[in-house]
1. Of the residues 338, 358, 373, which is more than 22 Å from residue 213 (Cα to Cα) and surrounded by fewer than 23 Cβ atoms within 10 Å (Cβ to Cβ)?
2. Is there a residue in the range 311-326 that is crowded, with 17+ Cβ neighbours inside 10 Å and more than 25 Å from residue 472 (Cα to Cα)?
3. Checking residue 105 against (1) closer than 22 Å to residue 429 by Cα; (2) in a strand (DSSP E or B); (3) touching a residue at least 12 places away in the same chain (Cβ under 8 Å), only one condition comes out false. Which one?
4. Mind listing just one residue for me: the one in the range 265-303 that is free of Cβ contacts under 8 Å to residues at least 60 places away in the same chain, over 20 Å from the mean Cα position of the chain (by Cα) and part of a helix (DSSP H, G or I) and, of those, nearest to residue 449 (Cα to Cα)?
5. Have a look at 117, 131 and point out the one that is under 25 Å from residue 401 (Cβ atoms) and part of a strand (DSSP E or B).
6. Residues to consider are 234, 228; find the one that is modelled with pLDDT of 95 or more, surrounded by 20 or more Cβ atoms within 10 Å (Cβ to Cβ), within 23 Å of residue 89 (Cβ to Cβ) and in contact with a helix residue (DSSP H, G or I) (Cβ under 6 Å, 6 or more places away or on another chain).
7. Given the conditions (1) more than 24 Å from the chain's Cα centre (by Cα); (2) crowded, with 22+ Cβ neighbours inside 10 Å, and given that residue 185 satisfies all but one, which numbered condition is not satisfied?
8. Taking the range 234-259 as the region of interest, how many residues are under 24 Å from the mean Cα position of the chain (by Cα) and in contact (Cβ under 8 Å) with a residue 24 or more places away in the chain?
């Protein structure tokens, strides 16, 4: 009798475990089509440069093979063909909750983002699952450039940081990044000026661009990062440095002279900027958290993000102490940043569109659309804004033809019913995404999105993910946690 009871309990446990495993396992990824597409009659749009109507586009393997006169009719005849979008500042989610690397990769692709730059892996578990999964064909996603561990000084903020306090440490640190296959060097807040200078020299020897935060103790004109993120360093430094978002008060005293200075230094050293205005914009919008929480874009991700990780009461610590003054400063930061970006763009400084996904309510793909809108409203207009996510960053990433529609370029092509370089609202008319020569029709993408949403809205996945996240957040950030 006892043996029968024990056997029954074992079977019940096995069944329960199987049900739980199935509930948290994501659906099968979208199948990768064979590469190779012929578009017989489309208008080629090179953002910032013009249009070529009635052209044919032949893609072979992962490259654009030929461009010629219109050659017939097909399902996309009359469409507008643009290069795939590039997001120059993203972060993939850490490992832990199953399927999130795959989901983020899919959402980028769903919105036409075919290339991203992962601007550092905060805990060392986020980049590899996404990059390796896409490279190995386990699931579709964008081409991923990655920076790897951050280079920081004393008391690094993020766990996955290399602590550099002596210029002699720069060469071995950068050499390791290069040997590990990373594409860029990400520097951070606490580096000293002499160490940063040594990092720049080492990175040049290894042909790696230096991006990141202008360190707090290094003047903008000395830092000379190849691509400065978030407009950090543009404001006059304070002593002691103000924490974010209190530091945005600097826009209140930002002068035309300072704007000319930052612009001039950027031109003199050919420095690019990835302003990520959308970061301030979405953090400021959290003043109305309930509206954001109920938005369609937030619901593209599991509830654990909007109700736990991004919650102003139990989420990331930086969200729990926001004041009305903070929200005011975040809004001023957007306005001040837009004015500076417009000036730099008009002068010829390279502006790259980036989003900082993983920041609250920055959903992959949707956030890039919003960043382009903010850049357009700053004075760039729709055409130049789209160029900040195609042709301009394409020249900075070292892959010939990336961000362009020309023979030999990567076969990353978006097809729209209406031209988004005329009106950014036309981004919503996306008909198909071609990534690395593989065609994904809108209907296929919609069906896969529905599968992901049914999965992460299922009661068991929802309950398990929320409970797990609350436990992790309490352990990491609550002073009363055991």
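1. Of 338, 358, 373, the one residue that is more than 22 Å from residue 213 (Cα to Cα) and surrounded by fewer than 23 Cβ atoms within 10 Å (Cβ to Cβ) is 373.
2. Scanning the range 311-326, I find at least one residue that is crowded, with 17+ Cβ neighbours inside 10 Å and more than 25 Å from residue 472 (Cα to Cα), so the answer is yes.
3. For residue 105, the exception is condition (2).
4. 293
5. 117
6. 234
7. With respect to (1) more than 24 Å from the chain's Cα centre (by Cα); (2) crowded, with 22+ Cβ neighbours inside 10 Å, residue 185 is out only on (1).
8. The qualifying residues number 4.
The values are calculated or read from the model by the stated rules, or taken from the named source; none is laboratory data. Nothing here was measured: the structure is a model prediction, and the numbers come from that model. Heads up, the Cβs are rebuilt from the backbone with ideal geometry, glycines too, and the neighbour counts pull from every protein chain shown.
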